[in-house]
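The values are calculated or read from the model by the stated rules, or taken from the named source; none is laboratory data. All values derive from a computational prediction rather than experimental measurement. As a convention, Cβ positions derive from the backbone with ideal geometry for all residues, glycine included, and neighbour counts pool all protein chains shown. Side chains are part of the model used for accessible areas, which takes the heavy atoms of the whole protein and leaves out ligands, DNA and RNA. Shrake-Rupley method; radii C 1.70, N 1.55, O 1.52, S 1.80 Å.
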Amino acid sequence: MDHANPPLVSVRNCRQSYHKEANADLVVLDNVDLTLQEGEIVALLGRSGSGKSTLLRIVAGLLKPSAGEVHWRGTPLRGPAPGVAMVFQSFALFPWLTVQENVELGLEALGVGRDEREERSEEAIDLIGLGGYDGAYPKELSGGMRQRVGLARALVVHPDLLLMDEPFSALDVLTAETLRTDLIDLWMDGKLPVKSVLIVTHNIEEAVLMADRILVFSSNPGQVAHELKIPFAHPRNRFDPAFRQMVDDIYGIMTRRTPKEVPATPGPAMAGFATPLHPVGTNMMAGLLETLSQDPYHGRADLPALAAALQYEADELLPLGETLSLLGFAVLEEGDLILTETGRRFTEAETEDRKEIFGAQLRANVPLINAIRQVIDQRSNHRASAVRFRDELEDHMSPEYAEETLRTAISWGRYAEIFEYDEEAQQFSLEEEDEAEED
Ligand code: ADP
Ligand code: MG
């Protein structure tokens, strides 16, 4: 390392684990190395649950890693890093404050005086294209404009490092694209008052559009599995063959199984509980399986080509493919999605048979759904509260993922008629017909 000129941030050998009473510690990150230099945009690309947000919080000094070191300009980091600002997927604005007041917040915390606050916030608001909206409240703004406020609030402090956690994923496709392009234009014109950008995303195209360097994360535990330099000049063209090839290669990397990810033997009884479920609807699944079985794919499709044909964003297709593969309807292999025999049977079946096939795949592959049904069956009143399952899930994942996983299980289980669910009482029960079979 060049000691005279250390990197902006360096993360060495980081490990993050969560201690769980009843289970072995949950290792979220292991052996993570990351270096950020001044003047670069780096994208951290990985599946959901791979530990991207966790690493971002470690870089920002908001979370102390269980092991490993974080240095800022060569100095060990203790506590929140000075010179970093964050932008979140959820915007995280205060609804009772105006645009200007929201933007000024960051400066207040730094003890900047009133006049300078006003001046600088106006500057940031103009820069990000919100001029004239200073006095508006967040609820008066579209999603895209709200995220511009989020950006202005981060930029107003002139941070060395701008951290962005899936900043565009709550926006519609066109709005997201406009914000990306605006941000890159400002960066290229040297108008962005930051030295480096670290953007977390699960959208492959977004990473290739924006970054100088992409770090591809593998899951379980999160590790930097690949590093790619993006050689294209800005503005980048999504339709350029070299661009397409890069996207294609990354799809391949992200669907390549690392030996670790293949379960050798079924683990402890609850092992499958630790798998977060993606909130993918059953209609989406059925639609994709049908498309896959038909012309021109005949059971095997290249993911980028399929995404383009269906007009899906890259970040929509991967979770869908992973879900089909979890349920045994398809497999992901080297950037392709391949229909299995069960998948084909599903596409050829009528509605009621489809439910049955889907149900059988759920029972075989989603331990959570099995467990819910078992508990209902054991109870004399054939009811079970959702609370205990949420608690159990939280032993294996963050509360947000636990909630999403439970919601997904509920929706799939209902579709397959494995159980009923009462939203108000937060209770599972058996289908009416099952209970009243004798009538
Ligand atoms: P990503 O941002 O890549 O989607 P996260 O960093 O949010 O991933 O989470 C990585 C993993 O760590 C997930 O499996 C998540 O459930 C788990 N996790 C995060 N926070 C906690 C927590 N406080 N307790 C337990 N598990 C957690
Ligand atoms: Mg995240």
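The residues on offer are Glu348, Glu432, Glu356, and the sole one that is open to solvent by 50 Å² or more (accessible area, probe 1.4 Å), modelled with pLDDT under 95 and charged (D, E, K, R) is Glu432.
Applying the condition of being within 26 Å of Phe273 (Cα to Cα), in a loop (DSSP other than H, G, I, E, B) and in contact with a His (Cβ under 9 Å, 6 or more places away or on another chain) to segment 1-37 and asking which residue is modelled with the lowest pLDDT yields Asn23. The residues on offer are Asp295, Asp302, and the sole one that is of a type in the set (Asp, Glu), on the phi < 0 side of the Ramachandran plot and free of Cβ contacts under 8 Å to residues at least 12 places away in the same chain is Asp295. Right, Glu101: more than 15 Å from ligand 1 (Cβ to nearest atom), over 30 Å from Thr323 (Cβ atoms) and open to solvent by 50 Å² or more (accessible area, probe 1.4 Å) or not? When the stated conditions are applied, Glu101 passes them.
Annotation note: of Glu352, Glu341, Glu333, the sole residue that is acidic (Asp, Glu) and touching a residue at least 40 places away in the same chain (Cβ under 8 Å) is Glu333. Filtering Ser48, Ser66 for residues that are outside the structural domain of Met397 (by TED's automatic domain parsing), open to solvent by 20 Å² or more (accessible area, probe 1.4 Å) and within 16 Å of ligand 2 (Cβ to nearest atom) leaves a single hit, Ser48. For segment 359-389, the set of residues classified as of a type in the set (Val, Ile, Thr) and surrounded by fewer than 15 Cβ atoms within 10 Å (Cβ to Cβ) consists of Val387 only. Considering only segment 104-137, state which residues are crowded, with 18+ Cβ neighbours inside 10 Å and over 24 Å from Trp187 (Cα atoms). Matches in segment 104-137: Val112 only. Would you confirm, using the coordinates I've provided, whether Ala154 is of a type outside the set (S, T, N, Q), assigned by TED's automatic domain parsing to the domain that holds Val59, open to solvent by 20 Å² or more (accessible area, probe 1.4 Å) and in contact (Cβ under 8 Å) with a residue 60 or more places away in the chain? When the stated conditions are applied, Ala154 does not pass them.
Under the condition of being more than 13 Å from ligand 1 (Cβ to nearest atom) and in contact with a helix residue (DSSP H, G or I) (Cβ under 7 Å, 6 or more places away or on another chain), the residues counted in segment 44-78 number 1. Being within 12 Å of ligand 1 (Cβ to nearest atom) and open to solvent by 40 Å² or more (accessible area, probe 1.4 Å), is that true of even one residue in segment 82-90? Yes - at least one qualifying residue is present in segment 82-90. Out of all the residues in segment 78-93, is one or more at pLDDT below 95, within 16 Å of ligand 2 (Cβ to nearest atom) and of a type in the set (D, E, K, R)? No - not one qualifying residue is present in segment 78-93.
If you go through segment 313-321 one residue at a time, do you hit one that is within 23 Å of Asp248 (Cβ to Cβ) and modelled with pLDDT of 90 or more? Taking every residue of segment 313-321 in turn, at least one turns out to be within 23 Å of Asp248 (Cβ to Cβ) and modelled with pLDDT of 90 or more. When segment 328-385 is filtered for residues that are among the aliphatic types (A, V, I, L, M) and assigned to a helix (DSSP H, G or I), the ones remaining, listed by number, are Ile357, Ala360, Leu362, Ala364, Leu368, Ile369, Ala371, Ile372, Val375, Ile376.
Taking each residue of segment 355-378 that is among the acidic types (Asp, Glu) and looking for partners that are open to solvent by less than 40 Å² (accessible area, probe 1.4 Å) with beta-carbon atoms closer than 9 Å, six or more apart or interchain, yields Glu356/Ala349; Glu356/Ala416; Asp377/Leu430.
Outside any loop (DSSP other than H, G, I, E, B), in the same structural domain as Thr54 (by TED's automatic domain parsing) and open to solvent by less than 50 Å² (accessible area, probe 1.4 Å) - does that describe any residue in segment 226-238? Yes.
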